[in-house]
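S.K.: One structure, as structure tokens, below. Some questions next.
Only the coordinates and a few stated rules stand behind these numbers; no lab work does. Predicted model, so just to flag it, every value in this text is computed and none were measured. Reconstructed Cβ throughout: ideal geometry from the backbone, glycine too, with neighbour counts over all protein chains shown.
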Amino acid sequence: MYVELLKQLYYRERKKLQDMQVFKQESKLKLLRLKEDIITKAGETLTISEIEGRSDIKEEIKDKLLRDRHNADKITERLDAIIAEELTDIDNEEKEELKNASYSPSELAEYLLQLEKVNAIENELGNNRLFPDDVYNEQKETAEGKEGAK
């Protein structure tokens, strides 16, 4: 009984958190930061020496493109330009997202309180050997099933 009530409470509180404007804003910003990290890491592994060491690129392609310094320099320049362009786009998106942030200090306080409630319930779920994401998905399916039956 306790566990079922805990699951239902978790679903309601997490859904409330995810519906908050601040949560949506923070999620967009996290996604942009993740994209930036991915592009940076990808750019670090796309050096000419790294490409030459890759086994998934045929040797004849490496010979034709990379071992000719003129081609290698062009490829490096183009990769650097593409990465810089991608990072600039992400930076612009992030600035736009921050500029459009339209929540008040009270909304931020509500968000922080809701986040703490969800974290506390997640800890209790963990103490009962339950995985929060599994509980949320299970309760979501149950709620959607009830709505579909109406």
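S.K.: Within 10 Å, count the other beta carbons around each residue, average over each peptide in 95-105, 8-18, and list them highest first.
M.R.: Values: 95-105: 10.5, 8-18: 16.5.
Order by mean packing, descending: 8-18, 95-105.
S.K.: Have a look at the stretch 1-119 and give its Rg and Dmax from the Cα atoms, expressed in angstrom.
M.R.: 23.0, 72
S.K.: Among I38, Q25, Y136, whose Cα lies farthest out toward the positive end of the dipole of the stretch 2-149, if unit charges sit on the beta carbon of Lys, Arg (+1) and Asp, Glu (-1)?
M.R.: Farthest along the dipole direction, towards plus: Y136.
S.K.: Where nothing but the Cβ of Lys and Arg (+1) and of Asp and Glu (-1) is charged, how large is the charge dipole of the chain around its Cα centre, in debye to the nearest 20?
M.R.: My answer is approximately 440 debye.
S.K.: Scan the chain and note any complete DSSP helix (H) whose C-alpha atoms cover at least 15 Å along its axis and whose Kyte-Doolittle average is -0.5 or more.
M.R.: Going by DSSP H runs, the hits are 105-127.
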